[in-house]
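The values are calculated or read from the model by the stated rules, or taken from the named source; none is laboratory data. Keep in mind it's a predicted model, so treat the numbers as computed, not measured. Ideal geometry is used to build each Cβ from the backbone, glycine not excepted, and the neighbour counts take in all protein chains shown. Remember, those area values only see protein heavy atoms, side chains included, never the ligands or the DNA or RNA. Shrake-Rupley method; radii C 1.70, N 1.55, O 1.52, S 1.80 Å.
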Amino acid sequence: MSQKKSMNLGVKILIGLVAGIIVGAIFWVAMGAEAAGAFTGKYIKPFGDIFVNLLKFIVVPLVLLSIMDGVIGMGDIKKVGKIGWQTVAYFLVTTAIACVIGLIVASLFKGSFPVLQLAEGSAYEAKSADLMSTIVNIFPNNAINPLSTASMLQIIFIALIFGCGVLVAGEKGKPFGDFITSFNEVTQRVMSFILAVSPYGVFALMVWVVAAQGPKILGSLGLVLLAAYIGYILHVVLVYTASVKIFAKVSPMTFFKKIFPAAAFAFTSTSSVATLPITKECCDEMDIENDISSFVLPLGATINMDGTAIYQCVAAVFLAKCIGIDLTVGQMVMIVVTATLASIGTAGTSGAGMIMLAMVLESVGIEPIYIGIIYGIDRLFDMGRTTLNIIGDASCALCVNTWVGSKEKKNA
Ligand code: ASP
């Protein structure tokens, strides 16, 4: 995609976002929150849903083919291993830092968080997650089911193992490798048709969010929301700015400008996986090698969730305070470990981080049922955390691209 076209997409998405906020606010003022939420949910949000459906439709072939093509394009199984480790190490370190930032910010806000009189339970029934079964479930027992159920970790496993199979098969694997490369190219074209309508999808979703949620931002939950957003911003400023500058030697301003279309889309769609096609386009604009972005981004959209980790830490401290528990340092360490793992197990889809919050709460003895307190405004948390999640994926792709590039230059 040319520079001009991609800038146009970014500007159009921004216009969609701002117009959506204005129109949503008008609905809210004119009709009141409940009626505005119901009306826009019924007549405007469906247009956003159509767009998100299209993205979800393209995402399974995109992840499968782009990771396979990325592995095949590396041409050497040792290179796959090296990039794999660099990527996973970057993901783990940045996510652990995210947890620490989340805990520090939440602790600073703790004094202002309310202790609530909680009698009756809440509407939300949390599903708790079991770490071992998350690991076992990475390995599919059927080759077709993961594709039809869009089970991302299993799809990544299939893509990696078949991609390595093509490399090891040598000459005999080449025709299949060429087929995958060609199929991947076609999928990317289909994806660009879908991307062309993204500003309208953004507009429709934003109208609905503002019309339905507007007044709740002003309530007492605004404080915990503020804490999470301060954590998100600190992480962007401290971690991504530094890693992009130090490791990739790229001006942070340039990076943020290039990633903006994906960030704006993540903010409205609240799905890293649905945003993946746009994140990939933005990385192409940054001249990140196709093999690397095709490998790092789908993996990141599935397991790298810095925003989710911050949210889970802030929410854990907030909910502990609400029910009158004062967390010990040991419990905070436990939160860092479980939030890092929970964010890996979180699917890159809307609201998934809230489900995995159950695992974090249980690790420090808080009943997951209390998630109900923040359930109603989860979308507002999710907008920020998804934005952070995809910026983290792109920053990793940029750094790995530089590490691989300088190593190749040294060897040349
Ligand atoms: N919506 C987030 C994402 O797609 C996951 C989450 O709910 O935290 O990255």
(1) of a type in the set (S, T, N, Q); (2) in a helix (DSSP H, G or I); (3) open to solvent by 10 Å² or more (accessible area, probe 1.4 Å): which one isn't true of SER293, the others all being true? (3)
Taking the criterion of being modelled with pLDDT of 80 or more and under 20 Å from the mean Cα position of the chain (by Cα), would at least one residue in the range 361-368 satisfy it? no
State the number of residues belonging to the range 75-100 that are in contact with an Asp or Glu (Cβ under 7 Å, 6 or more places away or on another chain) and aliphatic (A, V, I, L, M). 1
Search result, residues across the range 135-175 that are charged (D, E, K, R) and farther than 16 Å from VAL71 by Cβ: GLU171, LYS172
Can you confirm whether PHE381 is near the ligand (Cβ under 9 Å from one of its atoms) and in a helix (DSSP H, G or I)? yes
Reported set for the range 271-295 where residues are within 15 Å of the ligand (Cβ to nearest atom) and among the hydrophobic types (A, V, I, L, M, F, W, C) is VAL273, ALA274, LEU276, ILE278
Residue pairs qualifying under the 6 Å Cβ cut-off, at least six apart or on distinct chains, with the first in the range 150-174 being without any contact (Cβ under 8 Å) to a residue 40 or more places away in the chain and closer than 19 Å to ILE303 by Cβ and the second being assigned to a helix (DSSP H, G or I) and open to solvent by less than 40 Å² (accessible area, probe 1.4 Å), are GLN154/PRO146
So ALA394, is it modelled with pLDDT of 85 or more and hydrophobic (A, V, I, L, M, F, W, C): yes
Within the range 320-336, residues being in contact (Cβ under 8 Å) with a residue 24 or more places away in the chain and either of a type in the set (Ser, Thr, Tyr) or more than 16 Å from the ligand (Cβ to nearest atom) (or both) number 11
Residue check, ALA228 away from the ligand (no atom under 15 Å from the Cβ), more than 22 Å from PHE51 (Cα to Cα) and in contact with a helix residue (DSSP H, G or I) (Cβ under 8 Å, 6 or more places away or on another chain): no
Only one of ALA89, ALA119 is open to solvent by 10 Å² or more (accessible area, probe 1.4 Å) and modelled with pLDDT of 85 or more; which? ALA89
Can you work out which of the residues in the range 247-270 that are in a helix (DSSP H, G or I) and of a type in the set (D, E, K, R) is least open to solvent (accessible area, probe 1.4 Å)? LYS258
Across (1) under 28 Å from ALA106 (Cα atoms); (2) open to solvent by less than 30 Å² (accessible area, probe 1.4 Å), LEU299 clears everything bar (1)
For the condition open to solvent by less than 10 Å² (accessible area, probe 1.4 Å), assigned to a helix (DSSP H, G or I), in contact (Cβ under 8 Å) with a residue 12 or more places away in the chain and more than 22 Å from PHE381 (Cα to Cα), what is the one hit in GLY177, GLY201? GLY177
Note on ALA301: of the conditions (1) within 16 Å of the ligand (Cβ to nearest atom); (2) more than 21 Å from THR349 (Cα to Cα); (3) touching a Leu at 6+ places or on another chain (Cβ under 7 Å), unmet is (2)
If you take the residues of the range 355-376 that are free of Cβ contacts under 8 Å to residues at least 60 places away in the same chain and closer than 27 Å to ILE156 by Cβ, which of them is farthest from the ligand (Cβ to nearest atom)? SER363
Residues that are surrounded by fewer than 19 Cβ atoms within 10 Å (Cβ to Cβ) and at pLDDT below 80: does the range 377-390 have at least one? yes
